[in-house]
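Let me begin by presenting the structure, written as structure tokens, before commenting on it.
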Amino acid sequence: MSKSEFGSYGSISAADGASGGSGGSDQLCERDATPAIKTQRPKIRIQDVVPCNVNQLLSSTVFDTVFKVRGIIVSQVSIVGVIRGAEKASNHICYKIDDMTAKPIEARQWFGREKVKQVTPLSVGVYVKVFGILKCPTGTKSLEVLKIHVLKDMNEFTVHILETVNAHMMLDKARCDTTVESVPVSPSEVNDAGDNDESHRSFIQDEVLRLIHECPHQEGKSIHELRAQLCDLSVKAIKEAIDYLTVEGHIYPTVDREHFKSAD
């Protein structure tokens with residue numbers, strides 16, 4: 001399986017807590033005659049889908065919508081398993097996916113009320129690969145399906161197992177190698193910089209998300225196209241926005257790590 005395919009993994013970088021999302025924090029150490037200390041806690045930024053097994057997802061810890069598997073933050077994931085159940089509701093299809101590592105996990109594929117009437121659920125008993133966003137709306141972990149397809153070759157199951165092991169080893173190493181850096185700043189600098197950065201980041205993310213959402217192409221919007229339309233922004237700023245939107249589950253990569261589509 002090519003790493004350029006949708007669902008590839010391995011692009012990991014460390015970013016500080018000010019870059020948005022969860023997993024980082026700024027702390028002020030108050031002392032009588034010493035400057036405040038801004039502690040930047042780098043976090044793992046997962047730019048692509050992380051292959052997992054069902055047991056990892058169901059046993060993951062969750063706090064304020066942030067999921068962690070063995071201390072690693074995960075959002076968009078992929079699993080491979082057999083469909084044990086498929087039920088059509090008014091606006092979605094609920095699959096029960098079983099990979100024999102734990103009890104089946106529910107995976108919901110959402111449609112409009114009219115479109116769902118025209119969709120036939122995949123057959124029970126077939127093996128599928130599911131790309132989705134991990135959710136816990138009612139206290140029970142489930143997947144919001146971004147893409148699901150029937151396996152054409154059972155070697156895909158074996159490849160997925162190997163990818164899962166490799167990906168989590170890489171992520172765990174990156175997490176262990178991440179260090180905490182402390183930079184002395186004054187309290188006023190922390191407050192002012194935080195407010196300005198947050199407002200600026202929000203604007204860039206909204207613009208990138210809007211352009212990706214409006215893109216009609218099957219392969220999605222490319223970074224090159226975004227750069228041409230957002231000519232006032234640097235490539236770095238656009239990629240940071242894409243990083244954040246991917247981690248938060250708003251967008252996902254398609255044909256490669258240069259093209260993205262909206263998950264909405």
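The values are calculated or read from the model by the stated rules, or taken from the named source; none is laboratory data. Not measured: the values here are computed from a predicted model. Here the Cβ positions follow ideal geometry from the backbone for every residue, glycine too, while neighbour counts run over all protein chains shown. For the accessible areas, the whole protein counts, side chains as well, though only heavy atoms, and no ligand, DNA or RNA atoms are used. Shrake-Rupley method; radii C 1.70, N 1.55, O 1.52, S 1.80 Å.
Numbers below:
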{"item": "Residue within the stretch 118-135 that is part of a loop (DSSP other than H, G, I, E, B), small (Gly, Ala, Ser) and free of Cβ contacts under 8 Å to residues at least 40 places away in the same chain present", "result": "no"}
{"item": "Unmet requirement for Val66, which otherwise passes all of (1) open to solvent by 40 Å² or more (accessible area, probe 1.4 Å); (2) in contact with a Ser or Thr (Cβ under 6 Å, 6 or more places away or on another chain); (3) at pLDDT 85 or above", "result": "(1)"}
{"item": "The stretch 210-264, residues that are open to solvent by less than 60 Å² (accessible area, probe 1.4 Å), under 28 Å from Cys136 (Cβ atoms) and either of a type in the set (Val, Ile, Thr) or without any contact (Cβ under 8 Å) to a residue 60 or more places away in the chain (or both)", "result": "Ile212, Gly220, Ala241, Ile242, Leu245, Thr246, Val247, Ile251, Thr254, Phe260, Lys261, Ser262"}
{"item": "Residue that is nearest to Tyr252 (Cα to Cα), among those in the stretch 93-141 that are hydroxyl-bearing (Ser, Thr, Tyr) and modelled with pLDDT of 95 or more", "result": "Tyr95"}
{"item": "Count of residues meeting criterion [within 15 Å of Gln205 (Cβ to Cβ) and part of a helix (DSSP H, G or I)] in the stretch 230-264", "result": "12"}
{"item": "Subset of the stretch 66-94 [in contact (Cβ under 8 Å) with a residue 60 or more places away in the chain and of a type in the set (Lys, Arg)]", "result": "Arg70"}
{"item": "Members of the stretch 53-87 found to be among the hydroxyl-bearing types (Ser, Thr, Tyr) and either touching a Pro at 6+ places or on another chain (Cβ under 6 Å) or more than 19 Å from Asp172 (Cα to Cα) (or both), listed by number", "result": "Thr65, Ser78"}
